[in-house]
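Below is one structure; the comments refer to it alone.
The values are calculated or read from the model by the stated rules, or taken from the named source; none is laboratory data. These numbers were taken from a predicted model, which means no experiment stands behind them. As a convention, Cβ positions derive from the backbone with ideal geometry for all residues, glycine included, and neighbour counts pool all protein chains shown.
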Amino acid sequence: MGETIKDLKRTHLCGEVSKKDNANKVTIMGWVQKRRDHGGVIFTDIRDRSGIVQVVFNPDSGEELFEKADTLRSEYVVAITGEVEPRPEGNVNSDLPTGEIEIKAEELRVLDVAKTPPIQIEDNIDTGEDVRLKYRYLDLRRPKMTKLMGLRHDITKTTRDYLDQNGFWEIETPILTKSSPEGARDYLVPSRVNPGQFFALPQSPQIFKQLLMVSGMERYFQIARCFRDEDLRANRQPEFTQIDMEMSFVNQEEVMEITEGLMKELFAVGNIEVPEKIKRMSYQEAMDRFGTDKPDLRFGMELKDLSDVVKDSEFNIFSGTVSNGGQVKGINFKGGADSPRSTIDAFEDYVKMFKAKGLAWMALREDQMKSPIAKFLSETEIEGIKKTMEAEKGDLLLIVADKPSVVAAALGNLRLKIAKENNLIPDEVYKFAWIVDFPLFEYDEAENRLTAIHHPFTAPLEEDIEKLDTDPASVKSKAYDLVLNGEELGGGSIRINNHQLQEKVFSALSISEKEQQEKFGYMLEAFDYGTPPHGGIAFGLDRLMMIIGRTDSIRDVIAFPKTQKATSPLTNAPSEVDKKQLQELGISIRS
């Protein structure tokens, strides 16, 4: 058993002992980071979440104390009392905040011993992620991870402070709620007391925060846990946290203004400057110029529309595509003309992943233009392409002809691929943009119907409401996304606040009256009792943390994350459950 601290009080955190404490007696508590023997003197680095401080054990401090110090090993938990002294000249460690001092030990208590850890408790380790997640409690001891957890606390505290100062109330919404699978799949929870029925874990607090506006709460926020049973990517988790906000009696600009103020506060925690006024860009402009509604504005290589240049071309792949309602667009890879054919072929294989049929190209080399399509184009068309794409010698022009959605996806993703592979994206540059005027709907070919681009509670522009009956696909919405460096930080909208308009949108989405009542009847009924105009926004806290914490993995900013297969190596979840539990729930497992 370890020794006790019953009669001992910690006076300082390890990382906070400084030269102002010289000649003072202090008591620290933490973990042994390292132990070193030097000429009959034992040096130990003691670590807690605030940092590291060096402790010295001298033989003249007493034989018993010195022998006890000799037993210390990495990750032993200790309490040490001693006097703070300046480090000898030449031994100052400028890399440590505590590097000017050390503690001359007078008392040592071993509070707990430790086995040799399976991972190193230091930064820049090459241990596999599965091992790190299995021993996450050890991984979190590493300085980088400890710092990220502290940063997460600072971000959530700053959020609460800012929103409180702006009149928001923090209100919790249910975790066990009703399934409404419009979007990602729900995680379902069987009800034992209501056999055959299920709760769902919330994908977001959307409906409840709107009901809070009906309730007269006016300004709500929540650091909300959300759950989505979807295929995972590097920056997604099955359970995640979002900063959720909703306001009554506001328009779109007011929501964006409040949000910009919050972003300034949050990014200041990471010493990142947010513009005084974040630029606005329409959805259509973003798609036209960058092929995506979350454009990375840190570099050029914008999509250029060549449709007018080649609409009458004898090259039927171009002219035929335009005459059938498609587009011909290209990007200019500046300085890429000498790319080997294998690289260009790889670009073509890449755009085919986004359903493009092929990739045309022109390499403007110093001595000649090389292109497999040049012989099919007139001199006027070639010059028109070069002029539109602002081409010079040394450039590689990459062109896709297809329907607009395919052209956007193919060239938008190829643009990012080339930029990343050729180091065209500057570090420590942050380009924010609001994307506005989204379409209200998009066509889902798999389901053969319109689906909501954001969610079915988003309000259409007033001037487009009449089109809901005649041309719903052309209706624009009062939706807005905040984008940074090619990542969507968050999105929101002004909501529908009357029963009739909400039913009209449901109808456009092919949600029958029966389905409307089954899934959203309680919400539609609430709208009959006086609903204020309202709107809001939600931000992925984990994604914000990735950017502010300057890390590439969302798992680095979550204390106990899941793997990309939605499993926990630490707890071995998900796992089988006792047959008795299944029987109580009326569930049987099919093999």
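Below, the figures for the structure above:
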| quantity | calculated |
| --- | --- |
| Index of the failed condition, T159 passing every other in (1) β-branched (V, I, T); (2) more than 36 Å from the chain's Cα centre (by Cα); (3) surrounded by 17 or more Cβ atoms within 10 Å (Cβ to Cβ) | (2) |
| Subset of segment 43-59 [in contact with a strand residue (DSSP E or B) (Cβ under 7 Å, 6 or more places away or on another chain), of a type outside the set (F, W, Y) and either at pLDDT 95 or above or not assigned by TED's automatic domain parsing to the domain that holds A79 (or both)] | T44, D45, I46, R47, D48, I52, V53, Q54, V55, V56 |
| Test for E381: is it over 12 Å from G336 (Cβ atoms) and out of contact with any helix residue (DSSP H, G or I) (no Cβ under 9 Å at 6 or more places or on another chain) | no |
| Extreme residue, modelled with the lowest pLDDT, among residues of segment 498-543 that are aromatic (F, W, Y) and surrounded by 13 or more Cβ atoms within 10 Å (Cβ to Cβ) | F520 |
| Qualifying position, being surrounded by fewer than 19 Cβ atoms within 10 Å (Cβ to Cβ), touching a residue at least 60 places away in the same chain (Cβ under 8 Å) and of a type in the set (D, E), among E285, E273 | E273 |
| 2 or more residues farther than 30 Å from L570 by Cα: qualifying helices (runs of 4 or more DSSP H) within segment 492-557 | 499-508, 513-526 |
| Filter pass, A356 being small (G, A, S), in contact (Cβ under 8 Å) with a residue 40 or more places away in the chain and either outside any loop (DSSP other than H, G, I, E, B) or closer than 15 Å to L396 by Cβ (or both) | no |
| Failed item, numbered, when F315 is tested on (1) in contact with a strand residue (DSSP E or B) (Cβ under 6 Å, 6 or more places away or on another chain); (2) among the hydrophobic types (A, V, I, L, M, F, W, C); (3) closer than 19 Å to K375 by Cα | (1) |
| Positions within segment 298-314 being under 28 Å from K417 (Cα atoms) and either among the hydrophobic types (A, V, I, L, M, F, W, C) or out of contact with any Ser or Thr (no Cβ under 6 Å at 6 or more places or on another chain) (or both), in sequence order | R298, F299, G300, M301, E302, L303, D305, L306, S307, D308, V309, V310 |
| Among the candidates I331, I344, I385, I399, residue that is under 28 Å from the mean Cα position of the chain (by Cα), at pLDDT 95 or above and not basic (K, R) | I331 |
| Residue list for segment 411-420, restricted to those being in contact with a helix residue (DSSP H, G or I) (Cβ under 7 Å, 6 or more places away or on another chain) and over 18 Å from Q284 (Cβ atoms) | L414, K417 |
| Residue that is nearest to the chain's Cα centre (by Cα), among those in segment 566-588 that are within 18 Å of R555 (Cβ to Cβ) and free of Cβ contacts under 8 Å to residues at least 40 places away in the same chain | T567 |
| Which numbered condition I119 fails, given (1) assigned by TED's automatic domain parsing to the domain that holds F57; (2) within 36 Å of the chain's Cα centre (by Cα); (3) aliphatic (A, V, I, L, M) | (1) |
| Filter result (closer than 26 Å to R142 by Cα, of a type in the set (A, V, I, L, M, F, W, C) and surrounded by fewer than 19 Cβ atoms within 10 Å (Cβ to Cβ)) within segment 3-25 | I5, L13 |
| Number of the condition not met by E170 [criteria: (1) charged (D, E, K, R); (2) surrounded by 15 or more Cβ atoms within 10 Å (Cβ to Cβ); (3) within 25 Å of G491 (Cβ to Cβ); (4) modelled with pLDDT of 95 or more] | (2) |
| Pairs where the first residue, in segment 126-153, is free of Cβ contacts under 8 Å to residues at least 24 places away in the same chain and the second is β-branched (V, I, T) and assigned to a helix (DSSP H, G or I), C-beta under 9 Å, 6+ apart | D139/V131 |
| Conditions (1) farther than 24 Å from Q516 by Cα; (2) without any contact (Cβ under 8 Å) to a residue 12 or more places away in the chain: number failed by S215 | (1) |
